[in-house]
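The values are calculated or read from the model by the stated rules, or taken from the named source; none is laboratory data. Every value quoted in this text rests on a predicted model; they were computed, and no experiment measured them. Backbone-built Cβ (ideal geometry, glycine too); neighbour counts: all protein chains shown. Note: accessible area is taken over every heavy atom of the protein model, side chains too, but ligands, DNA and RNA are not part of it. Shrake-Rupley method; radii C 1.70, N 1.55, O 1.52, S 1.80 Å.
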Amino acid sequence: MNSRDKLPPGTHIRILQSQKTGHAVGCLGLADALGVEPDVTPVRPGKLFYLLAPWGPADPAFFSIPRPTADIVIASGKETVPVLRSIKRREPRVFTVYLGDPRTSHELFDLIWTPEHDSVSGSNIIKTLTAPHPHSAQALEQARRNPDTRMARLPGPRVACMIGGPSRQFAFGPADVAATYKAIQNLLEQGASIMVSPSRRTPQILTSQIMALAASTPEQAFVWDGTGDNPYRAMLALADAFLVTADSTNMIGEALVTGKPVHVLPLAGKAGKFSHFHAQLRKLDQIRNWNGTLESWPCTPVDATAKIAAEIVARYASFRS
């Protein structure tokens, strides 16, 4: 962002942090793009209030702890919706931002971001093809200047294998487990090095198979076992190409930040609204379906985080006036 896209000095941002990491990273990425160190406040409602979210009331326990008033509150995740809604009602001067579809009245918040493949619309809604994240070009360059030795030792080309798991759209059954393992095996056979960080959703049988495969070719492989520093950003920074399972728009979007080729591994299931996301990126030649061969093609970085942050700045300035 340029100078006119900055928040006023002293602007206080609070992030309402849900229990899912994927929700938090987008909020943190926006705060970083806005140049503000946020106050991160976890939202952990009682069981009944969690079950009633996003439509039910906020857990009163959240408001039992006095907190400084924020100028901007950013939230994501269903359990944060009642709290953000209550904050707006209690303190109308607070500018509220929600990432995703809150599945309640959209007019309750000042600004809502959703991906283009969501069907919601409105004057306070902005859409981008990819989601906000904390992996800026500057952060990735810093990671390259101080490379993670666990992966820097690997010969090129290095392929970051970003593996998801079962979701509402994709069952990630035995056939998908076998296809994912075969794809990673093919990369090694083609002379590539692999960097793998299984997600929380990755089937344990697949993780075990990949770790056994990596143990047989340690000079070409790194698989994170959950110990030591999380290698995710280092993987983004050091990768020459990516293999990403089709179930995660976030992982695909974060790989696209690098401007390196992104191979998407198709999965069995009903992609639904994900189909639009994949189709748009294929049309732009930003992703290609994995066909068994590591490919290379010209790519440009895709990153919507700065655009979303600039929109927050502009709308906040209008809101204050």
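Which of the residues belonging to the stretch 53-66 are open to solvent by 80 Å² or more (accessible area, probe 1.4 Å) and not aromatic (F, W, Y)? Correct list: P60, S64, I65, P66.
Among the residues of this structure, Y232 counts as one that is closer than 20 Å to G259 by Cα and either without any contact (Cβ under 8 Å) to a residue 12 or more places away in the chain or not charged (D, E, K, R) (or both). Quick one: is T69 buried (at least 23 other Cβ atoms within 10 Å of the Cβ) and either hydroxyl-bearing (S, T, Y) or farther than 27 Å from K273 by Cβ (or both)? No; evaluated as a whole, the condition is false for this residue.
Considering the stretch 79-101, the residues that are of a type in the set (A, V, I, L, M) and in a helix (DSSP H, G or I) include one that is farthest from H133 (Cα to Cα), namely I87. Evaluated against (1) of a type in the set (K, R); (2) out of contact with any Asp or Glu (no Cβ under 8 Å at 6 or more places or on another chain); (3) within 24 Å of Q286 (Cβ to Cβ), R200 falls short on exactly one condition, (3). Within the stretch 102-130, being buried (at least 18 other Cβ atoms within 10 Å of the Cβ), part of a loop (DSSP other than H, G, I, E, B) and in contact with a strand residue (DSSP E or B) (Cβ under 6 Å, 6 or more places away or on another chain) holds for F109, D110.
Residues that are small (G, A, S) and either crowded, with 18+ Cβ neighbours inside 10 Å or closer than 25 Å to Y50 by Cα (or both) within the stretch 20-39 comprise G22, A24, G26, G29, A31, A33, listed in sequence order. Of the candidates V196, V177, the single residue that is within 24 Å of F274 (Cα to Cα), open to solvent by less than 10 Å² (accessible area, probe 1.4 Å) and not acidic (D, E) is V196. Considering I87, I72, I125, the condition of being modelled with pLDDT of 95 or more and closer than 19 Å to T249 by Cβ is satisfied by I125 alone. Between A268, A255, the distinction of being among the hydrophobic types (A, V, I, L, M, F, W, C), open to solvent by 30 Å² or more (accessible area, probe 1.4 Å) and closer than 16 Å to G164 by Cα belongs to A268 only.
Scanning for something part of a helix (DSSP H, G or I), under 30 Å from D71 (Cα atoms), aromatic (F, W, Y) and in contact (Cβ under 8 Å) with a residue 12 or more places away in the chain, does the stretch 276-294 turn up at least one residue? No, the stretch 276-294 contains no residue that is part of a helix (DSSP H, G or I), under 30 Å from D71 (Cα atoms), aromatic (F, W, Y) and in contact (Cβ under 8 Å) with a residue 12 or more places away in the chain. Here L284 meets each of (1) touching a strand residue (DSSP E or B) at 6+ places or on another chain (Cβ under 9 Å); (2) open to solvent by 20 Å² or more (accessible area, probe 1.4 Å); (3) of a type in the set (A, V, I, L, M) with one exception, condition (1).
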